[in-house]
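A short reminder: the numbers here are calculations on the coordinates, not readings from a lab. For clarity, every value in this text was computed on a predicted model and none was experimentally measured. When we count neighbours, we look across all protein chains shown, and the Cβ atoms used for this are built from the backbone with ideal geometry, even at glycine.
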Amino acid sequence: MSSPVQSTVEEPAILREVKPTVLPRAVLVGHGRDFAWITDKICSIVEGKTPVWWWWCFAVACFIASFTVAGITYLVSTGVGVWGHRSPVNWGWPIVNFVFWIGIGHAGTLISAILCLLRQKWRTSINRPAEAMTIFAVVCAGIFPVFHVGRVWYAWFLFPLPNSNEIWQNYRSPLEWDVFAVSTYGTVSVLFWYIGMIPDLATLRDRFAAAGKKTRAWLYGFFAMGWRGSNRHWSNYEMAYLILAGIATPLVLSVHTIVSFDFAVSLIPGWHTTIFPPYFVAGAIFSGFGMVLTLMLPLRAIYKLEDLITQYHIDCMCKITLATGTIVGYAYAMEFFIAWYGSNPYEGFAFINRAFGPYWWSYWIMISCNVITPQFFWFKKVRNNTSLVWILSIFVNVGMWFERFVIICTSLARDFLPSSWGYFSPTVVDIFTFFGTFGVFSVLFLLFIRFLPLMAMAELKAVTPQADPHAEPHTGHGATGHDLTGPARPDQGAQGAQGVHSHG
Amino acid sequence: MAEPAYGLIATFRTPGEVMHAAEQVRDAGYRKWDVISPFPIHGMDGAMGLNRSRVPRISLAGGITGFCTGMSMIFYMDAFDYKLTVGGKPFFSPMFAFPVSYELTILFTAFATIIGMFVLNGLPMHYHPVLNYDQMRRGTDDLFFIVIEAADTRYNAANTRALLEKIGGSEIAELEA
């Protein structure tokens, strides 16, 4: 049976040639700025005179931080009873605040480690402040469990050090896992931050030395470890950085997983669920990006960094906030579904109680801030409106604090036995201590932006178009025709080395 | 001044120039030489003929040490030195020992990686002849340099200078040791 179609069709069904679409590369450094401009821009923040606004902010931050100092001084001199948590809610605000701050830190590690492994080059302009945020958030987080142990002078019992009782720590408890997770997280974050900063400290050292400021050149030089930009060093440095990114990725996921184990391993309704680890990790990244936006947008405006933190960067951050916020919303829905589907009356009650019980207001604040707020980021108009993005990011921060409050307080306040139900109210000391941690955080962050390179200059230079050795037009000399073979040529490297051996 | 020079330094303006030049220095058979750049240039390791970094081996050793430390520490403390009965749970199981061992694996790997990087790079080294070059501050800013050491067996003040000129280096200068 001959088909008439076959004879009439002359063009083949498959195109002879497919021209790949040229997708425009996202501009990571605006206005085609050159290397020297990047150096001057970032270094001028450290080298210039301390701006007046900085002193004002620093004074206000110190004042706010004094609330934590006052709260804790009163607590230590009186006893943990001055905090509002008591049976049945023994994990009141301190643990809420601990999880809140530790979660904020996670975006910093996500940006510096996970986006590094995924080769998201837009991370370069925000990774340094985000890592700083991580470290300072861990500092704020650490305050709460340390003082929550009651007699803070025994806090070192958390670590496996020989003590006079000769009893070791109980490694069957997730709380002990948490000690290791959080202290490892803090340590590795500091190391990662410092290693990333070494080349930039060397830049500052050289600039201060050239300007004749010997003390500062010595100080920055001390921490720059004698870095001289040698490619033999860069080779090991880049490998070390990659490995650190590779281990920081499972680390950041494990830290909030273990934090969620503090709850999930218990038997309290509303806590004892398997969804907790991924749900906590998504929430942590969500809150962290909220905080990154809250911090970076004012900095961008103050220091005129629009060429380094471009609209593309803001778009990316908004989209991650949207994605993780939606995951969190899904987790809220799934918790309800499983509570119903699991047919456990206590579990079912815990969730009805969350949404409609005495803490209903906190539940609906959480839902509106965490699920509804990020949905605005679907719209380009919203993402382009920097002030609006900043306001929405504040809502994200508020919402994520309430999420931890809802999880901890509603579950503990009404568990199995109605006769032992209670209602948690914070005391003034609770409020002071928590409010003050924003001051502690701000003091540290202000010191960071004043004295350390705000952005990773070396990394920013490396993502500019002119940093690509193959991208530029040939100038004649030195062209050996290697360009077509691509950048990675281990075989040629080996040949070169062999050639050397035969000469020797 | 009878003191011999440390070597010769040449300046290059762009990453492309210094990379092509590095390929030729490599092909000329030099071994004790270096490229100075304000940021890592993609593909420069190949252009210099460097082998893969040995940092990962040190990291791996650190990671294994960390994991074993965690497991043996928990076994020693809870199942050997002072047996603590908690909730009828076993004195030791790799399951509950895992989270802590996992964190220690990461902690030890991080320290091994960083110490390994410093040791392999010979840092900290606050005095180096290259750092005395008056234009050096541009090497952490926006310029690129090639340094050929006098200690290289193929080094010859005149010939090496000629090579650096041929491959496009400018402002060729002698570095004091």
Review point. Near A:Lys380, which lysines are there with a Cα under 24 Å away, not counting those fewer than 8 places off in the same chain?
Key: A:Lys121, A:Lys304, A:Lys319
Exercise for review: Work out how much length A:Leu388 to A:Gln120 would gain on full extension: take 0.36 nm times their residue separation and subtract the Cα-Cα distance, in nm to one decimal.
Suggested key: 94.0 nm
Check your understanding: Each label point is 7 Å from the Cα along the Cα-to-Cβ direction; what then is the distance between the points at A:Ser44 and A:Asn163, in nm?
Key -> 5.5 nm
Check your understanding: Relative to the Cα centre, what is the charge dipole magnitude of the protein assembly as shown, using +1 at the beta carbon of each Lys and Arg, -1 at the beta carbon of each Asp and Glu, and rounding to the nearest 20 debye?
Key -> 800 debye
Review point. Across the residues of B:121-130, average count of Cβ atoms on other protein chains within 10 Å?
Key: 5
Revision key, fill the gap. Plugging the Cβ-Cβ distance of B:Ala157 and B:His126 into 1/(1 + (r/R0)^6) at R0 = 30 Å yields, to the nearest 0.05, a FRET efficiency of 0.60
Exercise for review: Round to the nearest 0.05 the FRET efficiency obtained for A:Arg450 and A:Thr274 when R0 = 30 Å and r is the Cβ-Cβ distance.
Suggested key: 0.10
Practice item. Rank A:Ile394, A:Ile352, A:Ile449 by how far each Cα sits towards the positive end of the charge dipole of chain A (+1 on Lys, Arg Cβ; -1 on Asp, Glu Cβ) and give me just the farthest. Key: A:Ile449
Revision key, fill the gap. FRET efficiency (A:Ile327, B:Met95; Cβ distance; R0 30 Å; to 0.05) is 0.60
Point to revise | Gyration tensor (alpha-carbon) shape descriptor, the protein assembly as shown, a/c threshold 1.5 | key: prolate
Review point. How large is the dipole of segment B:25-126 about the Cα centre if only Lys and Arg carry +1 and Asp and Glu carry -1, each at its Cβ, rounded to the nearest 20 debye?
Key: 240 debye
Review point. Okay, helix-only estimate at 222 nm for chain A: each DSSP H run of n ≥ 4 adds -39500 (n - 2.57), divide by all residues, round to 500 deg cm²/dmol; what do you get?
Key: -21000 deg cm²/dmol
Exercise for review: Mind checking which aspartates and glutamates have their Cα closer than 15 Å to the Cα of A:Lys213? Skip sequence neighbours fewer than 8 apart in that chain.
Suggested key: A:Glu47
Revision key, fill the gap. Using alpha-carbon positions, the gyration tensor of segment A:345-453 gives root eigenvalues a ≥ b ≥ c; with a/c under 1.5 called rounded, otherwise prolate if a/b exceeds b/c, else oblate, the class is oblate
Check your understanding: How long is the gain from A:Ala155 to A:Thr215 if the chain were fully straight, where each residue apart is worth 0.36 nm and the alpha carbon distance is subtracted?
Key -> 17.8 nm
Check your understanding: On full extension of the chain, what length is gained from A:Ser425 through A:Ile14, given 0.36 nm per residue of separation minus the C-alpha to C-alpha distance?
Key -> 140.9 nm
Check your understanding: So for the pair B:Ser72, A:Asn170, with labels modelled 7 Å out along Cα→Cβ, what separation do we get in nm?
Key -> 2.8 nm
